[in-house]
Amino acid sequence: MINRIGKGISDHPVRSFIFASGMIAFLAYGLLIPQLGMYGDDPNFLWAYHRGGPNEYKEFMGWIREYGYLIYSFLSPVFGESIIFWRIATLVLRWGSSILFFLVFNNTFPNFQKIVVPLSISFLLYPGFMEQAIPVEFLLHFFSLDLILVSLLFTYYGIKHGKGWKIFLFLSVLSEISGLFICEYFAGLELFRPIIIWQTIHQIPQISAQSVKNKIKKTGLFAFPYLLIFGFFLYWRAFLSSSTYMSQIVTVRLQDNPAMFIGNLMRQILSDFKVAVGDAWLQIFQIPSPGKIRWIYLAIFSLVGIVTWLLIVSTGKKEEKPSDQKLWEFLLIGIFLFLTGGIPVWAAGLKISLTLYGDRLSLSFMAGACIIVMALLALILRQKYFPVLLAILIAFMAGYQFQLQNQFRKEWDLAKNYFWQLAWRAPDISPNTLVLGDQFPFRSLTDNSLNALLNWNYESPEYPDRELYKFFQISAREGMIDPLPANSPLSHNDFRGNISDTILLYATPTTCLKVLTTADRNLPFLNIAMKKNLWRSKPERIIPNPTRTVTFQSFMGTEPFHGWCYYFEKGELAAQQNQWKEVVEIGKEAESAGLIPSTMIEMKSFFFAALSENDLETAEHWKNLILTEKGNANYFLYQIKEFQNQSHLSKEAELILDQIQEAFQREMESL
């Protein structure tokens, strides 16, 4: 059976690669699609369409993508507000890029089939880029990549087949212009075109027999129109585009200190080489903890490993690995593509990193990095071990990308819980309210997208285009927020409000969302940025009994199971209104359901409510429960002081309060 499959692959290498790469793409990126949500700037992208339709994208992103926004204006009516359609489209584009990459290299280097197969799959699974789960934003990038690869492929076909070369020239030029001007990330691939032309003319007998001088002339002649377009693109991007920050950075630094600029650039190149070519691959050797995900991971690992091995051993069956000399030349091509890929990155003064959002720059280096790694492995590994070891490496890459998708799945669950807890705590929010947050339980949403989710879910159905609220991450907006004194007007995009009309939110992955006040200044683990802004928080901006029913958007899923955090949020909402009897009833209901908090800090309002209602037995019970957890003394002592100033308790209740206060004071003295 294996021999029959191998023969089928050998007889139909392109068809086999298309099928196999599609299966690998689905296993690595597609299995969890129904469970994935929105990340990065995707909520902001889709909210723009929700507010203003396809025409909104010109204002939304035209200032940075003068032509790229047209892709969204065209596709948004097709995919609408459903993230799953955008996700499928971006996955197809990513898969398509690996097919086009395979065709370009398989045709340009016909004796490198043993290398081209694992190279193209590694291009599909490149571990330096970790944001495949953010499809709306990166659809543009892979659209651009596919157009440039199509242009390179048409260049090959036009030269190799001769007949119909004018059509191929037109199509390749059109694809080049479109790919370059919508997104600059893959501009460096343009300088690979002369290499493709040089390799292609050597496949044409009547040209390959000519002198080197004539072949160089032919290469220059074929490459000239493309290089002319590329040169104009660089000039436009640097000096004519509305976003000309690249030219400014390079010009200023060169003028200030040329020697320092060149020295820093060389160090930057070496640093980025280490990250894109070395560190990116070192992170793939991670195996999930025992459980369901590990079994899925092992199944993916096995399937991808077997399929890749079959492809490598069956494609170009009669061929051996290229000679070491050819591999060294291939390695040099990889280094060249790495350097040309860095043009848009280094010109902008940016630096790649293997962190969320910092990794997107690795896309520019992806082609060069993959070629370098594959060429080095081909040089190092003996031929009989090459297929199996490359298959194992690629299996690790697929497993790693699957784990990233699973991590994003968990992140969306945390984000949904965050907003559902906000819905329980804040049935409605007064218009023109600023929401501040930091130390989020998730890390895959920008504050622009948190702002989109807040406004989208709390929108007024009659006026969906209005930005009634503003959500800022404090640590990202300190320069804007800190200088503003109380009662200062605040304008940002379409939001108009006041810096003092603010609520401050805090949550962790294991604790419930909390609306903070100045009384929370001793809350454990609260960062300085949050503490500095406690004075701005006004919980009264929350409308406890709204005249309308806020209905969350369908992408937030159904309302979660009412666990402890549901009762905590409802208890806090009642406590905000001094409805102490209701708070006690909510606490008892949670306890009767067998629910307990992850931190006893969340028992504070329930305990104070029991004291206020003179429910001494319950207060005594909750007092003892609170005292079982150490480390909260500083927090509770301040809260008790605030509570004492605002309440009138019975003598018996005062006694219980004194007892817990003394216990916390003893804890503080023992530190």
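Which trypsin sites (Lys or Arg not before Pro) in the stretch 544-642 pass both tests, a DSSP loop state and at most 15 other beta-carbon atoms within 10 Å?
R548, K630
Once you sort the root eigenvalues of the Cα gyration tensor of the stretch 337-398 as a ≥ b ≥ c, which label holds: rounded (a/c under 1.5), prolate (a/b larger than b/c) or oblate (the other case)?
Oblate.
Compute all pairwise cysteine Cβ distances in the chain, then list the cysteines with no distance under 4.7 Å to another cysteine.
Singleton cysteines: C183, C370.
Could you give each residue of the stretch 494-500 its phi-based ³J(HN,Hα) in whole Hz, using Karplus coefficients 6.51, -1.76, 1.60 with θ = phi - 60°, and x for Gly or Pro?
3J(HN,Hα) across the stretch 494-500, in whole Hz: 9, 8, 10, x, 9, 4, 8.
Any chance you could check the Cα centroid distance between the stretch 466-499 and the stretch 592-624 for me, in angstrom?
36 Å
Can you work out ³J(HN,Hα) from phi for every residue in the stretch 478-490, in order, using Karplus 6.51 cos²θ - 1.76 cosθ + 1.60 and θ = phi - 60°, giving whole Hz and x for Gly and Pro?
Rounded to whole hertz, the list is 4, x, 8, 7, 3, x, 7, x, 4, 6, 7, x, 10.
Which of the aspartates and glutamates could a cross-linker span from K384 if the Cα-Cα distance has to be under 12 Å and same-chain partners fewer than 8 positions apart are dropped?
Hits, sequence-local ones excluded: E320.
As an exercise, use a Förster radius of 51 Å and the Cβ-Cβ distance of K326 and Q644 to find the FRET efficiency, rounded to the nearest 0.05.
Rounded to the nearest 0.05, the efficiency is 0.05.
Mind checking the full-extension length gain between E59 and E540? Use 0.36 nm per residue of separation minus the Cα-Cα distance, one decimal, nm.
This chain segment gains 169.7 nm when fully extended.
Whole-Hz Karplus ³J(HN,Hα) for the stretch 62-74, in order, using 6.51 cos²θ - 1.76 cosθ + 1.60 and θ = phi - 60°, x for Gly and Pro?
Here the 3J(HN,Hα) series is x, 5, 10, 10, 4, 10, x, 4, 4, 4, 6, 4, 7 Hz.
Which whole-number value in Å² is the accessible area per residue of the stretch 387-436, probe 1.4 Å?
Using a 1.4 Å probe on heavy atoms only, each residue of the stretch 387-436 averages 24 Å².
Calculate how steeply helix 580-592 sits against the longest principal axis of the alpha-carbon atoms of the chain, using the helix alpha-carbon long axis, and give the answer as 0 to 90 degrees to the nearest 10.
60 degrees
What per residue convex hull volume, in Å³, comes out for the stretch 164-237 when only alpha-carbon positions are used?
85 Å³
When the label point is put 7 Å from the Cα of F74 along its Cα-to-beta-carbon vector, which residues of the stretch 144-163 have a backbone N closer than 16 Å?
144-151
Please list the non-local residues whose amide H lies under 5 Å from the amide H of D428, H modeled 1.01 Å from N, same-chain partners needing a gap of 5 or more.
For D428, whose amide H was placed from the backbone, the distant partners under 5 Å are I543.
Over 15 Å apart: what share of the alpha carbon pairs of the stretch 9-88 falls there, rounded to a whole percent?
For the stretch 9-88, the fraction of Cα-Cα distances above 15 Å is 65 percent.
Sort the following peptides by mean Cβ neighbour count (other Cβ atoms within 10 Å, averaged over residues), highest first: 472-484, 396-408.
By packing density, highest mean first, the sequence is 396-408, 472-484.
Starting from 0.36 nm per residue, how many nanometres of slack lie between Q665 and L221 once their C-alpha separation is accounted for?
Residue separation times 0.36 nm, minus the Cα-Cα distance, leaves 151.3 nm.
Can you tell me how much longer the chain between N487 and T551 gets when fully stretched, taken as 0.36 nm per residue apart minus their C-alpha distance, in nm with one decimal?
20.0 nm
About its Cα centre, how strong a charge dipole does the chain have in debye, to the nearest 20, once Lys and Arg get +1 and Asp and Glu get -1 at the Cβ?
The dipole of the chain has a size of about 3780 debye.
What are the trypsin sites (Lys or Arg not before Pro) within the stretch 306-412 that DSSP puts in a loop, where the Cβ has at most 16 other Cβ atoms within 10 Å?
K317, K318, K351, R382, K384
5 Å is the cut-off here: which amide hydrogens, built 1.01 Å from N in the peptide plane, fall below it relative to T433, excluding neighbours closer than 5 in sequence?
The list, which skips near neighbours in sequence, is K470.
How far is helix 292-314 tilted, in degrees, relative to the longest principal axis of the Cα atoms in the chain, given as a value from 0 to 90 rounded to the nearest 10?
Between the helix axis and the principal axis of the chain, the angle is about 0 degrees.
Please report the spacing between the Cα centers of the stretch 263-279 and the stretch 418-454 in Å, no decimals.
38 Å
Restricting to DSSP loop positions (anything but H, G, I, E, B) with no more than 12 other Cβ atoms inside 10 Å of their own Cβ, which chymotrypsin sites (Phe, Trp or Tyr not before Pro) remain in the stretch 265-299?
Passing sites in the stretch 265-299 are F285.
Can you pick out the pairs among K160/K274; K514/K641; K532/K630; K416/K531 whose Cα atoms lie more than 28 Å from each other?
K160/K274, as the Cα separations exceed 28 Å there.
Could you order the peptides 422-429, 441-448, 211-218 from most to least packed, using the average number of other C-beta atoms within 10 Å per residue?
Going from most to least packed, we get 422-429, 441-448, 211-218.
Relative to the compact globular guide of 2.2 N^0.38 Å, what is the alpha carbon radius of gyration of the stretch 617-671, as a ratio?
Its radius of gyration relative to the 2.2 N^0.38 Å reference: 1.10.
Taking Cα atoms, how many degrees apart are the long axis of helix 633-646 and the longest axis of the chain, rounded to 10 and kept between 0 and 90?
50 degrees
Of K292/K570; K7/K292; K470/K604, which ones are farther than 31 Å apart at the Cα?
As for pairs spanning more than 31 Å Cα to Cα, those are K292/K570; K7/K292.
Shape call for the stretch 279-369 from the C-alpha gyration tensor, a ≥ b ≥ c root eigenvalues: rounded (a/c under 1.5), prolate (a/b greater than b/c) or oblate?
Oblate shape, in that a/c is at least 1.5 and b/c is the bigger or equal ratio.
Given a 1.4 Å probe and every protein chain left where it sits, what share in percent of the accessible area of the chain is carbon and sulfur?
About 61 percent, which is the carbon plus sulfur part of the accessible surface.
For K58, give me every one of the aspartates and glutamates with a C-alpha distance below 14 angstrom, ignoring sequence neighbours fewer than eight places off in its own chain.
Straight-line reach from K58, under 14 Å: E66.
Just the Kirkwood number for the chain, please: inverse of mean 1/r across all distinct Cα pairs, in Å, one decimal.
28.5 Å is the Kirkwood radius here.
The values are calculated or read from the model by the stated rules, or taken from the named source; none is laboratory data. Predicted, not measured: the structure shown is a model, and the values here were computed from it. In this analysis, Cβ positions are derived from the backbone assuming ideal geometry, glycine residues included, and neighbour counts consider all displayed protein chains. When the accessible area is computed, the model is the full protein with side chains, heavy atoms only, and any ligands, DNA or RNA have been set aside. Shrake-Rupley method; radii C 1.70, N 1.55, O 1.52, S 1.80 Å.
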